[in-house]
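Notes for the one structure printed next.
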Amino acid sequence: MSADEYDVVIIGSGAGGGTMAYALGRRKWRVLVLEAGPSFDPSKDYKLHTEGWEQQQFPHKPSSEGRQTFAELQALDPALSDLCSWNSVEGRLNKQSRRLPFKYHHVRGVGGSTLAFTGESHRLHPESMQMRSRFGVAADWPLTYDMLEPFYCEAERIVGVAGPADSGARWRSEPYPLPPHELGYASQQIASAASTLGMKWGPNARAALSEPYDHRPNCNYCANCNRGCPRTDKGSVDVTFLRKAVASGYCTIRSGVVVTRLEVGADDRVTGVHLVNAEGHDEFIVTPKLIVACGAVETPRLLLASANQYAPDGLANESGQVGRNFMETLAWSSSALHGENVGSFRGLPADSISWDYNAPDAIAGVVGGCRFSTGVAEAGLNGPVAYAQRIVGGWGRSHQAAMREAFGRILTVGAIGESLPNTGTFVDLDPNQVDSNGVALALIHSQLEPMDLERLTFMRTTARAILQATGAGDVVEEYGSYDFFSSTHVFGTCRMGTAADDSVVDSFGRSHRWQNLHIMDASIFPSSGGGESPSLTIEALGLRAADHIAGV
């Protein structure tokens, strides 16, 4: 197809862009996907069979991570030192007096950050969609759980989600496509301990195949989902939605293509995109319909960088909300050495979970919930190098003996909580730093409010209590959001709503002003939920929006 033969152009190929490419392609819309990062070949790029598997983490390629900058973060309160990150080898990890920016964890590549995600596939708690009307915080979603539920089912079928029969507060019209994974031995110890505290703890909903499905093999439980899945049993977007989109014959993907600016006209329509192609040359592509799906950091950056005479404050920013209402990952993990070698390096990461405190009012005296899950692999403690660097001190033969004694005994309880928007947390353009194409970098501002710290304190206290109930010994490492910005899930910078004066897009992701502009990623979330991973909700929103666009 030539450039003028496309019906829709999509910027970004993650959960939002990949889903829209599939859903429109199956309707025989001619789709062009522009991806700034490279493509990854699971069988060649994910080298889990090599000696250096543990040290390479996810194998980033040149251009597979974007650059962002950070404004100065808040000062740390000595009275809250128990919320600081530490381990038994290094002591306190942040030795400064201010919170430090560690990283915005993302992947630029065909499949987006799902290439490196754990693969948790969660529906949002229905009550988390009414945070403004019920609790006076964040904003209400302009759609209900009931409206989204059939699209959750469809997304789960495409991905191949394995999940439990008990859906709790998230009612289901049909069962999960695949049965849940059996809990690993380490998870069984945590589940048993949690039950003594009155907590329910059971199988997690996972985009990892519990049996062969859709021409993909079942999981082999290597415990390295975050390093890329060479077998394709993990339901990342490249091997699910995009594979089907390309097979339709209606989807073309161009990788290594960086969109620098959106062009608009006087008729409230986006006319095209300016880009730098893989050969380093400038191009302009006409866009009959445009979908921006770059994530909650890069989407507002592109919109703000596209300011012109028709949109002096940035594209789609008539409400002043582009970049505002940024919500980050509020996280905590505690790790302890169990008296028994539980082989915790084995099994499916995050195979089990507790939703007991997930509802917005589930934590006494705190608005916004959280969830708890097993977290050894997410903490990076499923290999011997991590033990040697972070858990077991010493040198020589004594260190070797201590390593043999300790390896496989770590138990980790992780928690992710609600992140509520505040005026000090937002994304704008860096006035001083630009990328190689001269576009201002995204500047991340982050501030934790007292309610966030209360929620984080509850997460810490509960994680420690669960570990103690397992019979584990002293805690040997803890890491949390109090003293580090370290986010995988980010939300809210182009939130959806019913009114044009306080939101950026409607419930289908369409700009309130620009008639052919849609946004489809977690930037449109009005609230973050109480620790749910967002990819499945993005995919469900994408399927719903594509049906609306196609007039279904």
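No lab work stands behind these numbers, since they all come straight from the coordinates. The structure presented is a predicted model; accordingly, all values stated were derived computationally and were not measured. Note that we place each Cβ from the backbone using ideal geometry, even for glycine, and neighbour counts take in every protein chain shown.
Find, among the GluC sites (Glu not before Pro) in the stretch 48-138, those assigned to loop by DSSP (not H, G, I, E, B) with at most 10 other beta-carbon atoms within 10 angstrom. Could the numbers behind the result be given before it?
Details: sites: Glu51, Glu54, Glu65, Glu72, Glu90, Glu120, Glu127; in loops: Glu51, Glu65, Glu72, Glu90.
Passing both the DSSP loop test and the Cβ count: Glu51, Glu72.
Considering the options Trp53, Pro142, Val31, tell which one lies farthest towards the positive end of the dipole of the stretch 1-152, charges being +1 on Lys and Arg and -1 on Asp and Glu at the Cβ, about the Cα centre.
It is Val31, whose Cα lies furthest towards the positive end.
From the phi of every residue in the stretch 355-366, what ³J(HN,Hα) in whole Hz does the Karplus formula 6.51 cos²θ - 1.76 cosθ + 1.60 yield, where θ is phi - 60° and glycine or proline is x?
Couplings: 9, 4, 10, 7, 5, x, 10, 7, 9, 4, x, 10 Hz.
List every residue whose amide H lies under 5 Å from the amide H of Thr260, counting only residues 5 or more places away in sequence or on a different chain, with H placed 1.01 Å from N in the peptide plane.
His274, Leu275, Val276
Rounded to the nearest 500, what is the chain's calculated 222 nm mean residue ellipticity when only DSSP H runs of at least 4 contribute -39500 (n - 2.57) each, over all residues?
Details: 11 runs with 115 residues, N = 552.
Result for the chain, helices only: -6000 deg cm²/dmol.
Applying the Karplus parametrisation 6.51 cos²θ - 1.76 cosθ + 1.60 with θ = phi - 60° to the phi angles of the stretch 407-421, what ³J(HN,Hα) value in whole Hz is obtained for each residue in order, glycine and proline being reported as x?
After applying 6.51 cos²θ - 1.76 cosθ + 1.60, I find 4, x, 9, 5, 10, 10, 10, x, 9, 10, x, 4, 10, 9, x Hz.
Packing-wise, with mean Cβ within 10 Å as the measure, how do 234-243, 421-430, 194-203, 348-357 rank, highest first? Don't skip to the end; give the middle numbers.
On the way: 234-243: 27.2, 421-430: 19.5, 194-203: 16.5, 348-357: 25.0.
The packing order, highest mean first, is 234-243, 348-357, 421-430, 194-203.
Need one number: nm distance between label points at Val385 and Ala402, each 7 Å from Cα along Cα→Cβ, rounded to one decimal.
2.1
Summing +1 for each Lys or Arg and -1 for each Asp or Glu, what net charge is found among the other residues whose Cβ lies under 14 Å from the Cβ of Thr374?
On the way: positive: Arg206, Arg346, Arg371; negative: Glu120, Glu182, Asp351, Glu378.
The answer is -1.
Below 12 angstrom from the Cβ of Trp332, what's the summed charge of the other residues (Lys, Arg +1; Asp, Glu -1)?
On the way: positive: Arg371, Arg455, Arg460, Arg464; negative: Asp82, Glu378, Asp452, Glu477, Glu478, Asp483.
For residues surrounding Trp332, the net value is -2.
Dipole size in debye (nearest 20) for the chain around its Cα centre, Lys and Arg Cβ +1, Asp and Glu Cβ -1?
Working: 47 positive and 61 negative charges, 192 e Å.
Around 920 debye, computed over the chain.
Arranged by the count of other C-beta atoms within 10 angstrom, fewest first, what order do Trp141, Trp171, Trp86 take?
Listed from fewest to most nearby Cβ atoms, that is Trp171, Trp86, Trp141.
Given a Förster distance of 22 Å, report the FRET efficiency between Arg157 and Tyr221 from their Cβ-Cβ distance, rounded to the nearest 0.05.
On the way: r = 23 Å, r/R0 = 1.05.
Once rounded, the FRET efficiency stands at 0.40.
Mind jotting down the distance between the C-alpha centroids of the stretch 399-457 and the stretch 331-373, whole Å?
17
Considering the options Leu330, Pro300, Val342, tell which one lies farthest towards the positive end of the dipole of the stretch 277-346, charges being +1 on Lys and Arg and -1 on Asp and Glu at the Cβ, about the Cα centre.
Ranked along the dipole, the leading option is Val342.
Quick one: which residues, 5+ away or cross-chain, put their amide H under 5 Å from the amide H of Leu330? H built at 1.01 Å from N.
Gly417
Take each of the peptides 410-419, 463-472, average the number of other beta-carbon atoms within 10 Å over its residues, and list them starting from the highest. Mind dumping the intermediate values first?
Values: 410-419: 27.5, 463-472: 20.1.
Per-residue Cβ counts within 10 Å, averaged per peptide and sorted highest first, yield 410-419, 463-472.
List the residues, sorted by chain then number, that are 5 or more residues from Leu76 or on another chain and whose placed amide H is less than 5 Å from its amide H.
Arg98, Arg99
Please list, in order along the stretch 233-247, the HN-Hα scalar couplings obtained from phi with the Karplus expression 6.51 cos²θ - 1.76 cosθ + 1.60 (θ = phi - 60°), rounded to whole Hz, x for Gly and Pro.
Once rounded to whole Hz, the list reads 6, 6, x, 6, 5, 5, 9, 10, 4, 6, 4, 6, 5, 5, 5.
Step by step: find N for the stretch 398-475, compute 2.2 N^0.38 Å, then divide the Cα radius of gyration by it. What's the final number? Could the numbers behind the result be given before it?
On the way: Rg = 20.7 Å, N = 78, 2.2 N^0.38 = 11.5 Å.
Against the compact-globule rule of thumb, the ratio is 1.80.
Between Leu124, Asn87, Gly530, whose Cα lies farthest towards the positive end of the dipole of the chain when Lys and Arg beta carbons carry +1 and Asp and Glu beta carbons carry -1, centred on the Cα centre?
Going by the Cα projections, it comes out as Asn87.
Using a 7 Å offset from the Cα along the Cα-to-Cβ direction at both Asp501 and Trp171, what is the distance between the two label points in nm, to one decimal?
Taking the two extended label points, one gets 3.6 nm.
What's the center-to-center distance, using Cα atoms, between the stretch 489-525 and the stretch 1-57 in Å?
23
Please identify the chymotrypsin sites (Phe, Trp or Tyr not before Pro) of the stretch 288-346 that satisfy two criteria: DSSP loop assignment and at most 11 other Cβ atoms within 10 Å. Which are they? Let's see the in-between values first.
On the way: sites: Tyr310, Phe326, Trp332, Phe345; in loops: Tyr310, Phe326, Phe345.
Those that pass, being in a loop and sparsely packed, number zero.
When Arg98, Arg227 are ordered from fewest to most other Cβ atoms inside 10 Å of their Cβ, what list results? If you can, show how the numbers build up before the last one.
Details: Arg98 12, Arg227 23.
By the 10 Å Cβ count, ascending, the order reads Arg98, Arg227.
Return the Rg/Rh ratio of the chain with Cα-based radii and a Kirkwood Rh.
Values: Rg = 22.5 Å, Rh = 23.6 Å.
Rg/Rh for the chain comes to 0.95.
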